[in-house]
Amino acid sequence: MLRTGEATELQGGLQGGRPGGPVSAGRWGGGKPPGVLRALAVFAAVRATGVVLVVLTDLHGGHPATRTLTHAWDAVWYLHIAVHGYGTREYLSSFGTVQTDFAFFPLFPLLTRATDAVLPGGAGAAALLVAWAAALAAAWGVYAVGHRLYGTATATFLVALWALLPQAVVLTLAYSESLFAALAAWALYALLRRNWPLAGALAALAGLTRPTGLAVAAAVVVTAGRELVRRRGRGRGPWLAVLLAPAGWLGYVLWVGARTGDLLHGYFTVQDAWKSGLDFGTSSLRFLRVLFLYGGKVVYPVSVLLVAAAVVLFCLLCLERSPRTALPLLVFSGVLVLMVLLLGGPFASKPRFVLPAFPLLIPVARSMARGWGRSRARVVVVLGALACVALPYGVWVAAVVKTPL
């Protein structure tokens with residue numbers, strides 16, 4: 001049975017009373033926020049539909065049911081690391097460079113290996129279990145952040161929109177995006193609650209999951225730094241967060257350097273072999289020039305539109321009249337988008353890289369929350385249209401198109 005406060009929040013959220021109102025800092029602490037189960041059900045339904053479509057597509061093509069789920073592009077590398085460890089797989093690229101498994105950060109394959117050790121089904125099933133559990137944890141974290149700042153309705157639409165992004169198909173593949181998104185979302189939530197040690201620890205784990213863990217670390221360092229300025233340098237918590245946040249990323253970079261015989265530059269040499277190093281956007285500009293002059297597969301202009309949309313949404317997020325506590329969301333999203341723009345790598349993969357930046361969707365989610373009380377049919381039509389386009393496109397990119405995902 002709902003308590004009075006929860007019932008009021010639900011009514012004010014999805015029934016038009018206060019659709020976008022922020023939740024007070026002490027509204028809820030350790031338990032689940034009102035409405036989270038509904039949001040998780042929406043997320044699970046959307047992503048389960050995507051999984052079914054991927055499986056049916058593989059079966060229709062005469063492939064094993066889990067081919068795309070467990071063996072699409074990066075998933076092959078993660079599974080190999082989980083089973084055989086690092087330093088056991090190399091690939092001679094079309095650029096003439098030797099690409100190694102050190103380019104892939106360790107937390108996802110380590111969790112896959114640990115899960116495989118205690119459960120039956122093999123490494124592929126273990127990787128999917130880790131990815132799917134992390135995806136649900138990420139959706140919960142997205143909801144928690146949205147609910148704390150804006151209330152039930154905005155948080156629910158935030159989760160729904162995030163689940164319906166075309167590139168969200170990777171959340172249910174054996175990829176590290178779902179794990180990274182979960183760690184990022186809960187690190188941001190910890191910052192909103194000023195739980196400094198937890199925020200720093202989660203940022204460190206995010207830094208062990210993906211190179212873009214630097215964006216989470218930046219959010220923690222900037223937010224904790226602001227707190228230290230306010231406290232005039234006093235307080236162990238913010239200092240601990242500042243020290244912990246970059247530790248995961250830095251530790252892995254140095255470990256790769258030690259393994260490759262070049263402590264400070266080894267990791268960056270590995271990334272250069274994958275054409276994923278820092279090039280200040282020159283490779284992206286070359287790609288755009290070629291695409292404009294000669295055209296390309298549908299996936300390429302769509303990728304450009306998705307990345308451009310991320311930039312526009314970040315600008316809208318900056319214009320939001322957000323509480324002061326929204327600073328970590330701005331820093332995280334801004335640094336992540338900036339990394340996507342300035343780093344190399346296949347342009348078709350860039351929408352995937354920006355996927356964890358869920359705060360970018362806050363302006364749209366708030367608009368839908370406000371519109372829910374005026375015209376529910378219009379909001380439902382918009383979400384339905386997005387689902388009809390995004391789900392098939394995601395399946396097509398993952399299971400059909402022969403371009404890096």
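For the chain, the relative contact order works out to 21 percent when only alpha carbon pairs closer than 8 Å and six or more residues apart are counted. From the alpha carbon centroid of region 49-109 to that of region 327-375 is 26 Å. The trypsin sites (Lys or Arg not before Pro) of region 251-304 meeting both criteria, a DSSP state outside H, G, I, E and B (loop) and at most 14 other C-beta atoms within 10 angstrom of the site's C-beta, are K297.
Here the spin labels are modelled as points 7 Å beyond Cα on the Cα-Cβ line, and at C388 and E320 they lie 2.9 nm apart. At a Cα cut-off below 19 Å, give the lysines reachable from K297, other chains included and same-chain residues fewer than 8 away excluded. Cross-link targets: K350, K402. PRE reach from D272 (point 7 Å along Cα→Cβ): which of region 75-107 fall under 13 Å by backbone N? Under 13 Å, as judged by backbone N against the label point of D272, lie 97-98 of region 75-107. The candidate values were [x] 1.34; [y] 0.99; [z] 0.96; the one computed from these coordinates for Rg/Rh (Cα atoms, Kirkwood Rh) carries the label [z].
Using the beta-carbon distance between H84 and R194 and R0 = 41 Å, what value does 1/(1 + (r/R0)^6) give for FRET efficiency, to the nearest 0.05?
E(calc), rounded to 0.05, equals 0.45.
Label point of L293 set 7 angstrom out along Cα-Cβ; within region 383-405, no amide nitrogen lies under 14 Å from it. In summary, the helical segments of the chain meeting the span-like criteria, namely a full DSSP H run, a Cα extent along the axis of 20 angstrom or more and a mean Kyte-Doolittle hydropathy of at least 0.0, are 36-60, 122-150, 177-192, 213-230, 299-319, 327-342, 376-399. Extending 7 Å from Cα along the Cβ direction at D279 and again at L250 yields two label points whose distance is 2.9 nm.
Once both labels are positioned 7 Å from their Cα atoms along Cα-to-Cβ, the gap between H265 and R230 label points is 4.3 nm. Rounded to the nearest 500, the helix-only mean residue ellipticity at 222 nm of the chain stands at -22000 deg cm²/dmol, with each DSSP H run of n ≥ 4 adding -39,500 (n - 2.57).
The order of the peptides 363-369, 165-171 by mean Cβ neighbours within 10 Å, most packed first, is 165-171, 363-369.
A viscosity of 1.306 mPa s and a temperature of 10 °C, combined with the Kirkwood radius over Cα pairs in Stokes-Einstein, give a translational diffusion coefficient for region 38-103 of 111 µm²/s. Largest mean-square fluctuation among G151, G96, G35, in a Gaussian network model of the chain whose springs join Cα atoms under 10 Å apart, belongs to G96.
Can you give me the relative contact order of region 171-296 as a percent, contacts being Cα pairs under 8 Å and 6 or more apart? Walk me through the numbers on the way to the answer.
On the way: 144 pairs, mean separation 25.0, N = 126.
Contact order relative to length: 20 percent.
Any read-out appearing in this document is the output of simple, stated calculations on the displayed coordinates, not a laboratory observation. Here the structure is a predicted model, which is why all the values come from computation and not from measurement. FYI the Cβ positions are ideal-geometry reconstructions off the backbone, even for glycines, and counts take in every protein chain you see.
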